[in-house]
1. Pairs please, first residue from segment 142-157 and more than 16 Å from Val88 (Cβ to Cβ) and open to solvent by less than 50 Å² (accessible area, probe 1.4 Å), second anywhere and in a helix (DSSP H, G or I) and small (Gly, Ala, Ser), Cβ atoms under 7 Å, 6+ apart in sequence or on different chains.
2. Return the only residue of Thr3, Thr17 being among the hydroxyl-bearing types (Ser, Thr, Tyr), modelled with pLDDT under 60 and either more than 30 Å from Ile126 (Cβ to Cβ) or open to solvent by 90 Å² or more (accessible area, probe 1.4 Å) (or both).
3. Quick check: is even one residue across segment 119-128 free of Cβ contacts under 8 Å to residues at least 12 places away in the same chain and open to solvent by 80 Å² or more (accessible area, probe 1.4 Å)?
4. Being in a helix (DSSP H, G or I) and open to solvent by 80 Å² or more (accessible area, probe 1.4 Å) is the filter; apply it to segment 95-118 and report the residue that is nearest to Pro30 (Cα to Cα).
Amino acid sequence: METENKDEITVEQSTTTGDAIVVDTPKKDPTEDFYMRYYIGHKGKFGHEFLELEFRNGGKLRYANNSRYKSEQIIRKEVTVSKAVLEVLIKMIGESGVMQEDDKLWPEPDVVGKQELEIVLNNEHISFTTTKIGSLMEVEKSKDPEGLKVFFYLIQDIKCLVFSLIGLHFKIKPIQ
């Protein structure tokens, strides 16, 4: 039997019959093609204010916070996180069920602002857009409270994770 690997599928070809037999389909590392971006923002009296979080291939985490309140400047942070951190994030996304949701019944962006979530994971690509959500009560009043609740809680978890990572990484005086 001759063995070759095409498109990450191990195929053995019988030397007697010439038939191809799929022997094994190795699992692809989900962190390889993973991408996630979250944006929340609005344009108001202080200009374009927003928060943006992005995880890129190779563990690159980008954070940007633009608040013009009291003439503050944009804050940008960039760190590289380990594969283990990406695996935790991917697990959070998978367990949330957000990849099966649809935003067609969610509130449209308005003057209050908008939120965007884009995820590429395991050959799936989702992109959601909705208005800024201030509380769980707003979620309950929507046309799709269950789907929007999945989105709402996932975003809360992602923000907690990112703020913890950024806070730990950029600590001025580490705890001894």
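1. Val150/Ser96
2. Numbers: Thr17 fails: modelled with pLDDT under 60.
Sole residue among the options that is among the hydroxyl-bearing types (Ser, Thr, Tyr), modelled with pLDDT under 60 and either more than 30 Å from Ile126 (Cβ to Cβ) or open to solvent by 90 Å² or more (accessible area, probe 1.4 Å) (or both): Thr3.
3. First, the residues of segment 119-128 that are free of Cβ contacts under 8 Å to residues at least 12 places away in the same chain: 125, 127.
Cutting the leftovers down to open to solvent by 80 Å² or more (accessible area, probe 1.4 Å) gives us 125.
Scanning segment 119-128, I find at least one residue that is free of Cβ contacts under 8 Å to residues at least 12 places away in the same chain and open to solvent by 80 Å² or more (accessible area, probe 1.4 Å), so the answer is yes.
4. Applying the first criterion (in a helix (DSSP H, G or I)) to segment 95-118 yields 95-96, 98-100.
Those left that are additionally open to solvent by 80 Å² or more (accessible area, probe 1.4 Å): 95, 100.
Working: Glu95: 14, Gln100: 17 Å.
Filtering first and then ranking leaves Glu95.
The values are calculated or read from the model by the stated rules, or taken from the named source; none is laboratory data. Keep in mind that what you see is a predicted model, and the values were worked out from it rather than measured. Positions of Cβ are generated from backbone atoms using ideal geometry, with glycine treated the same way; all protein chains shown enter the neighbour counts. Side chains are part of the model used for accessible areas, which takes the heavy atoms of the whole protein and leaves out ligands, DNA and RNA. Shrake-Rupley method; radii C 1.70, N 1.55, O 1.52, S 1.80 Å.
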